[in-house]
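Only one structure is covered here, and it is reproduced in the block below.
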Amino acid sequence: MSSVLYSLGRWAARARRLVVIGWLLVLAVVGGAAGLLYQGFDNSVTIPGTESQDALDSLSATFPQVSGSSAQIIVVAPDGSTIEDDAVRGPVEDAVDDIGELDQVAAVTSPYDDQMAASVNDDDTATLLTIQLDGDQSVITEDTKDALHTASDDLAAALPAGSQASLGGELFSVEFPALSIIEAIGVVVALVVLIITLGSFVAAGLPLINALMGVGVSMLLLLAATVFGPINSTTPMLGLMLGLAVGIDYALFIVSRHREQLAAGLEVDESIARAVATAGSAVIFAGLTVMIALVGLGVAGIPFLTVMGIAAAVAVGIAVLISLTLLPALLSFSGERLRPRAPRAARKPKGKARRAAARAAAGPADGAHHNRFFDGWVRGATRFPVLTIVLIVGAIAALAWPATNLRLALPDAGTLPEDNSARVTYDLVGEEFGEGFNGPLIVTGSIVTSNDPVKLMDELGDEIGDLPGVADVPLSTPNPSADTGIIQVVPEGGPTSQETKDLVNEIRDQHDHYLDTYGVDLSVTGFAAVGIDVSDKLGAALLPFALVVVGLSLVLLTMVFRSIWVPVKASLGYLLSVGAAFGVVTLVFENGVLADALNVTKLGPVISFMPIILMGVLFGLAMDYEVFLVSRIREDYVHGGDARRAVRTGFLGSAKVVTAAAVIMFAVFVAFVPEGDMTLKPIALGLAVGVLVDAFVVRMTLVPAVLALLGERAWHMPRWLDRILPTFDVEGEGLTKELRLASWPEPDAKDAVAARDLEVAGPEGSDVPVVGPVSVRVPEGGALCVHGDAAAPVSALLLALAGRMAPDAGAVKVTGLVLPERAMTVRGRVAVVDALAEHGRPAAVVDAAVRDGAQVVVVDRTDAVADRPAREALAAALARAQRGGTAVLLGASGVAATDLLDDGTGREVAVLDVGAGWGAPSALTGAEVPPPAPPVANQAPVVEPVETQDAVSTSSTGGSNDEDTQMQEVRA
């Protein structure tokens with residue numbers, strides 16, 4: 001992947017004008033589509049498969065008058081009056097008549113109508129007009145909402161002084177979130193952090209441009225997507241928040257790497273390509289983890305949440321794509337302006353300056369990445385690692401403890417700002433009637449078998465009214481066709497209270513009793529019941545989702561770091577961060593800690609989908625910090641071999657960028673808290689706390705302590721697991737290797753196969769190689785014959801050279817491509833033929849492979865071709881292949897298959913005898929292969945041609961003791 005990204009970065013830098021114009025055209029096209037297709041957002045919630053949703057779907061067909069959305073107008077008479085006074089009654093009756101004539105209004109209750117009676121409080125000073133609408137929230141038009149507001153305002157104006165009339169109810173229970181100037185502060189903070197981190201206004205501006213372009217494209221796409229179905233109004237705000245955060249951070253990683261390489265002396269275009277290949281690989285990994293977790297929100301089976309996850313994942317994906325294409329183009333436009341200034345020449349330093357210069361000369365551990373603050377940080381974290389671990393785990397556990405009382409619910413009008421009309425209505429209803437009137441339940445069932453449906457509904461209503469937690473049963477009636485009945489149940493508690501949830505569970509627990517006694521299959525629905533079912537379903541999905549996320553992190557990090565302990569530690573750290581975020585959200589939104597400062601409009605349960613969204617997003621961000629920090633530690637360990645020292649040097653090499661990224665994330669998220677709506681506010685706060693704890697406490701303090709405690713064991717990987725897991729090169733080590741071997745074995749070499757000290761891993765549990773070390777060169781059109789006493793080691797070597805099996809050690813290039821890094825491409829250029837499996841027709845298969853463009857043909861188990869005509873046909877096919885420039889590699893048990901190559905052309909043939917295999921010495925005759933340049937730790941890879949000795953050809957019958965001696969010296 002790093003090689004592909006290297007090519008992409010180089011192309012984007014060279015085609016910078018085309019790339020920028022292309023993205024501007026994309027923005028314009030998507031903007032046009034959004035303008036034409038935008039259908040508006042909605043806040044309707046559907047949860048297929050739940051009792052409340054099934055009941056609503058049934059009512060829409062049998063009792064449509066009560067299945068749609070509803071609104072309420074509460075009328076409070078002035079002091080000393082009642083609603084029966086003429087001054088109040090007249091305006092109320094007029095308002096009921098006017099509202100009843102509005103479009104999409106199915107019915108309106110009135111305190112003066114016995115058939116459609118409105119609720120009246122005990123002292124007749126207030127009435128609650130219920131407006132039943134024809135359809136759910138998603139189909140109610142803005143014109144209807146405006147007409148309801150106008151009717152309510154006219155009623156308030158017509159009532160006598162001291163009266164109150166306020167419009168609210170389910171239809172107005174949620175506001176569309178909007179941006180404010182506060183959110184922009186997060187972007188300003190991000191800019192300041194970027195300037196401090198990168199030391200350049202130009203460099204700091206690029207990540208912001210990158211993020212804003214990504215957010216613009218993703219938001220316009222979301223607007224256009226509303227034509228395909230309803231999208232919750234929280235979705236664009238979540239996408240905006242995530243798009244800004246990851247767009248800035250991903251660009252920061254690439255720009256930071258680019259400036260490091262410019263400071264090391266690389267040319268601009270080369271540095272851009274390498275930055276995209278190395279930091280870009282980590283960006284793809286981080287972006288994919290966030291996207292997978294967000295798409296995984298579909299585990300809950302709730303459509304609006306699935307749409308929300310997909311939309312946010314698209315925003316993250318676009319941020320990644322722009323970071324890998326538009327950003328390199330912008331870096332190319334910036335050119336030399338991003339190169340850090342060289343230090344000024346000064347006189348011989350003295351005192352502290354001289355000691356600082358000495359530290360700089362000591363290398364990256366004490367110089368290039370030296371920072372007293374971070375140096376003291378990592379030393380403090382690792383000096384007594386057990387103490388550090390105990391303190392951090394204990395502190396986070398204490399912070400997470402309040403989360404044991406976390407309650408979930410859908411937002412209602414009670415969470416709106418106190419001056420909002422729907423919130424005023426909500427509070428007045430609670431004062432005058434009781435909290436339960438803000439979320440009445442509907443109990444419904446089929447009564448088609450009843451002979452007296454009115455009596456049946458009265459009896460059911462009376463029995464349900466006697467249940468604990470029921471404040472009133474104002475309605476118990478069959479529908480006009482007498483096949484469905486409804487009972488309106490007013491709970492004593494509010495819509496999101498535990499008392500209401502207990503009542504819903506109690507009615508459902510009595511289901512069998514009602515069925516046996518009255519023959520009615522009752523279900524509970526209504527706005528409050530829907531919220532309870534959503535919360536329960538999301539709560540049930542949390543554990544499987546957590547298992548999926550943690551399991552995914554274990555697999556992905558094992559692929560990246562080739563270790564067992566590192567992924568386990570990373571996953572447990574992630575759970576600590578999630579726990580801390582949940583704990584803080586509970587403290588603020590349920591316990592009221594800092595609630596006024598954060599503008600929390602009402603204490604109580606938080607929005608139902610907060611935990612699952614927070615877990616998904618935080619997973620990706622946590623893995624992001626883990627990769628950037630631990631990959632640097634691993635790199636220093638691999639090159640230096642000292643595990644504890646690598647913790648310190650790797651930390652110092654990455655702490656600055658990780659700190660900047662975390663501060664930016666925190667600033668963007670926390671900016672959505674003070675003025676954010678109550679739907680987004682707990683999510684934003686949870687993400688801000690989660691990022692802060694994960695980056696600074698878990699990744700930058702706990703992780704170094706754990707790695708220091710584990711030492712060498714931290715990097716242990718069972719051999720069997722290492723072989724079955726694919727490799728994910730997030731730090732571009734493969735590209736570094738490819739660049740180092742670019743001119744090996746010599747500049748402009750045209751070898752079909754070049755290998756130096758190649759070893760192929762032996763069977764499971766064996767510490768010896770199957771074959772190796774082997775050094776061999778096979779030119780274009782050349783040949784290699786491998787034979788031995790056993791077939792397995794012969795096949796293993798050939799499969800390794802064909803890109804089908806990863807070599808265990810050594811440098812290997814096939815058709816000019818490095819293995820195993822370019823194995824996928826090599827497999828497309830190398831054909832493998834099993835002579836035994838082809839049943840006497842391997843010649844035809846060889847000819848077909850050559851026609852298909854194979855540059856190398858591998859024919860294994862040639863000893864199985866014993867029939868003389870078949871063997872002659874195979875020899876002829878191989879000769880044709882070689883004449884066309886295709887190299888051939890042959891394998892056999894016993895004697896080498898050189899007779900298949902005896903075509904009189906005089907072409908050079910390399911012969912390898914692997915003996916008994918499984919660690920037995922190998923004897924090779926063939927061309928001598930120079931050693932590649934050794935890797936240089938902590939430096940940018942070199943692309944200049946590597947000086948190599950000239951290749952010395954040997955015949956197919958002669959060996960070279962000097963070669964063996966040279967190989968031993970190189971290995972030593």
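The values are calculated or read from the model by the stated rules, or taken from the named source; none is laboratory data. As the structure is a prediction and not an experimental result, all values here were calculated from the model. Please note: Cβ atoms are built from the backbone with ideal geometry, for glycine as well, and neighbour counts cover all protein chains shown.
General observations
- Any hit, the range 815-829, residues being in a loop (DSSP other than H, G, I, E, B), under 21 Å from V859 (Cβ atoms), modelled with pLDDT under 85 and within 35 Å of the chain's Cα centre (by Cα): no
- In the condition set (1) buried (at least 24 other Cβ atoms within 10 Å of the Cβ); (2) of a type outside the set (A, V, I, L, M, F, W, C); (3) at pLDDT below 85; (4) in contact with a Lys or Arg (Cβ under 8 Å, 6 or more places away or on another chain), G168 is compliant with all but (3).
- Only one of the numbered conditions (1) over 19 Å from the mean Cα position of the chain (by Cα); (2) surrounded by fewer than 24 Cβ atoms within 10 Å (Cβ to Cβ) is not met by L707, and that is (2).
- The residue that is nearest to D123 (Cα to Cα), among those in the range 65-89 that are touching a residue at least 60 places away in the same chain (Cβ under 8 Å) and assigned to a helix (DSSP H, G or I), is V88.
- Of all residues making up the range 118-138, the number that are free of Cβ contacts under 8 Å to residues at least 12 places away in the same chain and either under 15 Å from V66 (Cα atoms) or surrounded by 20 or more Cβ atoms within 10 Å (Cβ to Cβ) (or both): 0
A quick yes/no check of all residues on (1) assigned by TED's automatic domain parsing to the domain that holds G711; (2) of a type in the set (V, I, T); (3) in contact (Cβ under 8 Å) with a residue 60 or more places away in the chain:
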{"residue": "F561", "(1), (2), (3)": "yes, no, yes"}
{"residue": "I564", "(1), (2), (3)": "yes, yes, yes"}
{"residue": "S571", "(1), (2), (3)": "yes, no, no"}
{"residue": "D596", "(1), (2), (3)": "yes, no, no"}
{"residue": "V617", "(1), (2), (3)": "yes, yes, yes"}
{"residue": "Y637", "(1), (2), (3)": "yes, no, yes"}
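- The residues of the range 63-73 that are β-branched (V, I, T) and at pLDDT below 75 amount to a single one, V66.
- Any hit, the range 553-565, residues being in a helix (DSSP H, G or I) and charged (D, E, K, R): no
- Look at (1) under 30 Å from M213 (Cα atoms); (2) at pLDDT 85 or above and you find that N43 fails only one, number (2).
- Test: residue in the range 289-297 that is more than 20 Å from the chain's Cα centre (by Cα) and in a helix (DSSP H, G or I): no
- Qualifying residue in the range 263-274 (condition: in a loop (DSSP other than H, G, I, E, B) and hydrophobic (A, V, I, L, M, F, W, C)): yes
- Residues of the range 6-52 that turn out to be in contact with a Gly (Cβ under 9 Å, 6 or more places away or on another chain), part of a helix (DSSP H, G or I) and either under 30 Å from V524 (Cβ atoms) or not assigned by TED's automatic domain parsing to the domain that holds F333 (or both), as a count: 1
Condition check ((1) farther than 22 Å from L27 by Cα; (2) in contact with a strand residue (DSSP E or B) (Cβ under 7 Å, 6 or more places away or on another chain); (3) part of a helix (DSSP H, G or I); (4) modelled with pLDDT of 90 or more) across all residues:
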residue: I196; (1), (2), (3), (4): yes, no, yes, no
residue: M213; (1), (2), (3), (4): no, no, yes, yes
residue: L220; (1), (2), (3), (4): no, no, yes, yes
residue: A225; (1), (2), (3), (4): no, no, yes, no
residue: P230; (1), (2), (3), (4): yes, yes, no, no
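- Cβ-Cβ under 8 Å pairs, at least 6 apart or on other chains, the range 865-876 side in the same structural domain as A897 (by TED's automatic domain parsing) and acidic (D, E), far side surrounded by 11 or more Cβ atoms within 10 Å (Cβ to Cβ) and outside any helix (DSSP H, G or I): D867/G840
- Residue in the range 642-655 that is surrounded by fewer than 24 Cβ atoms within 10 Å (Cβ to Cβ), within 21 Å of L240 (Cα to Cα) and not acidic (D, E) present: no
- Where helices (runs of 4 or more DSSP H) sit wholly within the range 416-521, those with at least 3 residues that are aliphatic (A, V, I, L, M) and either in the same structural domain as D122 (by TED's automatic domain parsing) or touching a residue at least 40 places away in the same chain (Cβ under 8 Å) (or both) occupy 421-432, 453-465, 498-509.
- Among the residues making up the range 538-559, those that are free of Cβ contacts under 8 Å to residues at least 60 places away in the same chain and among the small types (G, A, S) are A540, G551.
- Filter result for V560 (buried (at least 21 other Cβ atoms within 10 Å of the Cβ) and out of contact with any helix residue (DSSP H, G or I) (no Cβ under 6 Å at 6 or more places or on another chain)): yes
- Criterion applied to S256, S281 was being modelled with pLDDT of 85 or more, surrounded by 19 or more Cβ atoms within 10 Å (Cβ to Cβ) and of a type in the set (S, T, Y), and the one residue passing it is S256.
- From the list L428, L399, L391, L441, the one residue that fits, being out of contact with any strand residue (DSSP E or B) (no Cβ under 6 Å at 6 or more places or on another chain), aliphatic (A, V, I, L, M) and buried (at least 16 other Cβ atoms within 10 Å of the Cβ), is L399.
- Test: residue in the range 676-689 that is within 20 Å of L391 (Cβ to Cβ) and touching a residue at least 12 places away in the same chain (Cβ under 8 Å): yes
- Subset of the range 785-824 (residues that are of a type in the set (K, R), surrounded by fewer than 19 Cβ atoms within 10 Å (Cβ to Cβ) and in contact (Cβ under 8 Å) with a residue 60 or more places away in the chain): none
- A71 vs. criteria exposed (fewer than 14 other Cβ atoms within 10 Å of the Cβ), small (G, A, S) and within 30 Å of N479 (Cβ to Cβ): no
- Scanning the range 883-906 for residues that are at pLDDT 85 or above, closer than 17 Å to V786 by Cα and surrounded by fewer than 23 Cβ atoms within 10 Å (Cβ to Cβ) yields a single hit, S893.
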